[in-house]
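Shown next, in structure tokens, is the structure this report addresses.
Laboratory data are not the source of any read-out in this text; all were calculated from the coordinates shown. Bear in mind that the values here come from a model prediction, so they are computed numbers and not experimental data. FYI the Cβ positions are ideal-geometry reconstructions off the backbone, even for glycines, and counts take in every protein chain you see.
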Amino acid sequence: MKTRIHPVLIVLTVLTFLFLLGPLVVIIGSALSDTTYLTFPPQGLTLHWFTNIFEISAFTRTMGTSFMLAVAGTTLSMLIGIPAAYAMARYRIELPAFLGNVFVLPILIPEIVLGFSLMKSLASGFGLPISLALLVGHALIVLPYTVRVVGASLNSFDFSIEEAAVSLGCPRIKAFFTVVLPNIRAGIIAGFILAFITSLNDVSISIFLTGPGVSTLPIQLLAHMEQFFDPTIASVSVLLMGVTVAVMAVVERTLGLTFLTK
Amino acid sequence: MSNRLRAWLLATPAILLVFIFLGLPVLATFATTFGDPKGPFSTYAAFFNSRFRMTVLWRTMEVALVTTIISVAIGFCTAWVVARMPGRIKSLLIIAAVFPLLTGVVVRSFAWLVILGKNGILNNFLIKIGAIAEPLSMLYTQGSVIVAMVYLFVPLMILTLVGVLEGIPQDMTDAAASLGATPAATFRQVVLPMAVPGLIVGAVLVFTGSFTSYATPQLLGGERQMMMGTFLYQRAMVTFDWVGASTIAAVMVVVTLTTVLIMSKVARKLNPMAG
Amino acid sequence: MTQSLTLENINAHYGTTQVLEDLSLHIAEGELVSLLGSSGCGKTTTLRLVAGFLEPTSGSIKLGDRDLTRLPAHARDIGLVFQTYALFPHLTVRDNVGFGLKQRNISGAERKKRVDTMIERVGLGELADRHPANLSGGQRQRVALARALVIDPPLLMFDEPLSNLDAKLRVDMRVEIRRLQQANGTTALYVTHDQEEAFSISDRVAIMKGGKIMQLDTPEVLYSRPANAFVADFVGFDNMIEMEAIAEAGDAVRAQMAGGVQIDLPKSQFTIPSKKFLFATRPEGLLVEPETSGFGIPAELGMRTYIGRAYQYHCETAAGVVMANGPQATPFESGSAAMLVPQPEQCCLLPTES
Ligand SMILES: Nc1ncnc2c1ncn2[C@@H]1O[C@H](COP(=O)(O)OP(=O)(O)OP(=O)(O)O)[C@@H](O)[C@H]1O
Ligand SMILES: [Mg+2]
């Protein structure tokens, strides 16, 4: 059975995917170029620009910061988000329906507004250390992912299994860890990974909450671009694309990538 | 312990996180805008009377709207084809759309800097084939911002719409054909009306996303193509005009929330399943 | 405006797997023919071919004297009722029913009249302005039926239209479908895997297996005279005993089964199809009688169950276990020896499968 697709549409689709992937190929190519300026196709091949990353301490430092921030922020938001998601799935009738909307507020409020407000209130107003404000900001913007992805898993979980465990004498807390958690593992992994990458790539929050001594990789990249235009940025970008590939592999293993079209 | 109490206890940390670190700071920002000694609405009067600020607002609206229209058009046509591909090709295409989506904004905007720059790939290519003699200055124009924004949002649109189109059962289009509808009529009278609610949701995501973006206008628009996001940053961190920045922030929130509320109401009204 | 449907030597493939094999079928004007068979035998595929959603690899499809084989689906003018109903969720009942007329550019007033009449006819007058989401299963079914009927198609097709309804509604609706089909005199092709449904609604039934029609006949003939072992098994001939004709015995043929047991089959009542053949009966086609009766298959009776009009026995014979019925008046003890006497009008002799 063939549904015929108009050839014009096929051509358009091919062009769209060239448009989507072409620029990324350009980055990879120019990261390998043996020139001091960005060019494509690469002229001569070298891995020099990759080793150069590690000679610029601003990059290595912010890489570490970004990674730790993403792990800590996501973990924090998981610790807070999973109980909330559980409460909403398990005790749906006990909680008002608008609560679901409360947890997606961080998506509805423009990130740049949130970043500015956090900077103004927390860092400036209350004198909270900037790194702590950064952590809170990241935990906030990934909260919708953790609550929703874990929530989707929980919604398809049959809670009578948990009740069965409790009826067999298993304490509630233990039942949660031994019966519920293993069954929503895929949702937790996928939620973690999506939150992680969101945090890792964030600009709008971080731009306000970085300062002397504390910066993240995307912010450092922005700053670097304003002064230098050499292939180092391209090679950092390639490293970040590597992280994306790893993330996609994990999502594919856990939920399948088609999950993202739902 | 009652179930209600247990439910609230479990949800409390998340509610507090949102309330204390999102609700209060954002409300504080709003409050700032009304605290002007010249009267509670004077900052807004200043905003809407300033030609420069209005230019920025309209430019941002225009860029967001054009980005949305182009992204919806490209996204719909592409999703239409992707949804009709056999399994293996379809998953490959979905992977090809997810990859840029999960790659950071800075990286994706940077790519266009390399392509559109004075000594960029496009200029070099056009000179080489003799189409132009002097390099064009394509960066820091509205066009360059729109191209990069479309690049940012097309994957999102494709993924959303593939989901929407796959949700339309083949029986629907078969039924239309069996009743004498030509492929064009089936598309107009069955597929499109059924896809519109999902289309609106996707369009709202793109509009609000591009309306509030920072990194892309910063890199590809610069000072010359100031947009609301970059304007806010400039006011807050360069000129330290926090009242002005707060006003910009409030305008952004109002525009975003209004768009979301109106369009989700429209989508709900058009949603066939709601009856 | 009813027309006959003719399929000739249809072959169809999904990719490289063959789904229909050299299938031919003729449905006369106004006749309702069912396709009956287990899951995956190609019923839906046949329907989709006729509807034009699938192209045959070879063969031809004709409606009256119009060749449909290469015609696009929307130009075929066939009313189709889907298993899922496939009602358009964004349209009201009225607009769903009017959809086909709109495609035919029938003017507003005329369209409204025909739609309203049809909606009344299927008993949905009150619900015309509702959306499908707000209808019950049975009501949706009626809308689907009205939508297919209102275009007054020369051919109606149904793909398991009742399988999503509960048992009682299923019986009501099939009567309704039959009534509407006969009132319009429309030719119809009906797909089901429910034997009772097929037999009760159809003029003729095609029993399918693996993309082929095994037998196409009236329900009565299928029920009592299956043409082959597959159909016999399908319609409930539980006992199949392999036999071989070994000699003439006066006006009978002497047949031998496994274990050397012999039985004489009178030529007046049995026609032997080939030297080796299958002797097929339902349990009621083998009557359990005392061992003393001369004619029959010797057996030892096993478990006895009461089935209402009779007792049914698991019987151990030299040719294997068979099911046979015994009279209600004289139950036999389990373990006793007995004769199983074939009832000619309820037995079939079939060629062995090649
Ligand atoms: N789209 C498809 N691609 C590949 N094979 C298919 C496809 N659709 C059906 N088939 C195969 O074709 C054969 C016939 O399918 P068909 O749908 O006609 O069966 P059916 O008789 O309608 O069964 P059911 O009673 O389950 O509806 C099956 O073996 C099925 O696996
Ligand atoms: Mg079927």
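Projected label points at B:I69 and A:Y37, each 7 Å from Cα along the beta carbon direction, are separated by 3.7 nanometres. Rounded, prolate or oblate: which fits region B:1-146, taking a ≥ b ≥ c as square roots of the Cα gyration tensor eigenvalues, rounded meaning a/c under 1.5, else prolate when a/b beats b/c? Here region B:1-146 falls in the oblate category.
Indicate the gyration tensor shape class of region A:1-148 (rounded, prolate or oblate), computed on the Cα atoms with a ≥ b ≥ c the square roots of the eigenvalues: a/c under 1.5 is rounded; otherwise a/b larger than b/c is prolate and the rest oblate. Here region A:1-148 falls in the oblate category. The GluC sites (Glu not before Pro) of region C:299-354 that DSSP puts in a loop, and whose beta carbon has at most 15 other beta carbons within 10 Å, are C:E333, C:E353. Its Cα gyration tensor gives region C:96-184 an equivalent ellipsoid; the semi-axes, largest first and in whole Å, are 22, 15, 11. To the nearest 10 degrees, how steeply does helix A:130-155 sit against the main Cα axis of chain A, on a 0 to 90 scale? Once rounded, one gets 60 degrees. Anyone know which of B:A245, B:A64, B:A131 comes out most mobile in the 10 Å Cα GNM of chain B? Comparing B:A245, B:A64, B:A131 in a Gaussian network model of chain B, the most mobile one is B:A131. Calculate the tail of P(r) for region B:76-158: the fraction of all Cα-Cα distances greater than 23 Å, expressed in %. When every Cα pair of region B:76-158 is considered, 40 percent fall beyond 23 Å. Across chain B, where is the longest run that never hits trypsin sites (Lys or Arg not before Pro) in a DSSP loop with at most 13 other C-beta atoms within 10 Å? That would be B:119-223.
Once the Cβ-Cβ distance between B:N49 and A:D158 is put in as r, and R0 is 56 Å, what FRET efficiency do you end up with, to the nearest 0.05? Could the numbers behind the result be given before it?
Values: r = 60 Å, r/R0 = 1.08.
Efficiency for this residue pair is about 0.40.
Look at where the Cα atoms of region C:208-222 and of region B:38-108 average out, and the two centres are 59 Å apart. Considering only B:P197, B:P183, B:P217, the Gaussian network model of chain B with Cα springs below 10 Å gives its largest mean-square fluctuation to B:P183.
Taken about its Cα centre, region C:225-298 carries a charge dipole of about 280 debye when Lys and Arg each add +1 at the Cβ and Asp and Glu each add -1 at the Cβ. Helix-only arithmetic for chain C: the sum of -39500 (n - 2.57) across DSSP H runs with n ≥ 4, divided by the residue total, places the mean residue ellipticity at 222 nm at -7000 deg cm²/dmol.
Here the contact order of region B:194-275, divided by its residue count and restricted to Cα pairs under 8 Å and six or more residues apart, works out to 42 percent.
Region C:1-22 and region C:300-353 have their alpha-carbon centroids 42 Å apart.
The P(r) of region C:1-152 has a tail past 19 Å containing 59 percent of all C-alpha pairs. When you filter the chymotrypsin sites (Phe, Trp or Tyr not before Pro) in region B:10-53 for DSSP loop state and at most 16 other Cβ atoms inside 10 Å of their Cβ, you are left with B:F41. Note on C:K102: lysines with a C-alpha under 17 Å away, same-chain residues under 8 apart excluded, are C:K112, C:K113. Pick from A:T146, A:T51, A:T216: which is most flexible by mean-square fluctuation in a GNM of chain A where alpha carbon atoms under 10 Å apart are linked? So, out of A:T146, A:T51, A:T216, the one fluctuating most is A:T51. Taking 23 Å as the straight-line reach from the Cα of B:K118, the lysines in range (excluding those fewer than 8 positions away in the same chain) are B:K128.
Counted as membrane-span-like here are DSSP H helices of chain B whose alpha-carbon atoms extend 15 Å or more along the helix's own axis and whose Kyte-Doolittle mean is 0.0 or above; these are B:3-18, B:24-34, B:51-84, B:87-102, B:105-116, B:142-166, B:192-211, B:242-270. Which chymotrypsin sites (Phe, Trp or Tyr not before Pro) in region A:100-141 pass both tests, a DSSP loop state and at most 16 other beta-carbon atoms within 10 Å? Counting only loop positions with at most 16 other Cβ atoms within 10 Å, the chymotrypsin sites (Phe, Trp or Tyr not before Pro) in region A:100-141 are A:F126.
The distance between label points at B:K38 and B:L257 comes to 2.5 nm (points 7 Å beyond Cα on the Cα→Cβ vector). Note on chain B: helix-only mean residue ellipticity at 222 nm, from DSSP H runs of 4+ residues weighted -39500 (n - 2.57) and normalised by residue number, equals -23500 deg cm²/dmol. Counting Cβ atoms of other protein chains within 10 Å of each residue's Cβ and taking the mean over peptide A:188-198 gives 1. Note on region A:67-137: semi-axes of the ellipsoid equivalent to its C-alpha gyration tensor, largest first and rounded to whole Å, are 27, 16, 10.
For the protein assembly as shown, compute the orientation-averaged projected area of the C-alpha convex hull (one quarter of its surface), in nm². Its average projected convex-hull area is 52.9 nm². Scaled against the 2.2 N^0.38 Å expected of a compact globular protein of N residues, the Cα radius of gyration of region A:55-261 reads 1.16.
How big is D, in µm² s⁻¹, for chain B by Stokes-Einstein at 4 °C and 1.567 mPa s if Rh is the Kirkwood radius over C-alpha pairs? Estimated via Stokes-Einstein, D reaches 59 µm²/s.
Averaging the Cα positions of each part gives two centres, and for region A:101-173 and region C:99-144 these lie 49 Å apart. Label reach from B:A31 (point 7 Å along Cα→C-beta): in region A:125-147, amide nitrogens under 17 Å belong to A:125-128. Counted over region C:68-107 with a bin width of 5 Å, the fraction of Cα pairs per bin, in whole percents, is 5, 18, 24, 26, 18, 6, 2. Counting only Cα atoms, the size of region C:237-351 along its three principal axes is 37, 23, 22 Å, in decreasing order. The A:I93 and B:L24 beta-carbon pair, evaluated with R₀ = 30 Å, returns a calculated FRET efficiency of approximately 0.50. Couplings 3J(HN,Hα) for region A:78-91, derived from phi with the Karplus relation 6.51 cos²θ - 1.76 cosθ + 1.60 (θ = phi - 60°), are 5, 4, 8, x, 5, x, 5, 4, 4, 4, 6, 7, 7, 10 Hz, where x marks Gly and Pro. Taking Lys and Arg as +1 and Asp and Glu as -1, the other residues whose beta-carbon sits under 14 Å from that of C:K275 total -1.
Projecting the Cα positions of B:A131, B:A175, C:G326 onto the charge dipole of the protein assembly as shown (unit charges on Cβ atoms of Lys, Arg, Asp and Glu, taken about the Cα centre) puts B:A131 furthest along the positive direction.
Compared with the rule-of-thumb size 2.2 N^0.38 Å for a compact globular protein, region A:1-46 has a Cα radius of gyration ratio of 1.76. Of all DSSP bridge pairs formed entirely within the protein assembly as shown, close to 75 percent run antiparallel.
Each eigenvalue of the Cα gyration tensor of chain C, multiplied by 5 and square-rooted, gives one semi-axis; in descending order these are 49, 24, 15 Å. Partner shielding of B:22-31 amounts to 6, given as the average count of beta-carbon atoms from other chains within 10 Å of each residue beta-carbon.
Label-to-label distance, B:M85 versus C:E55, with points set 7 angstrom from Cα along the beta-carbon direction: 2.3 nm.
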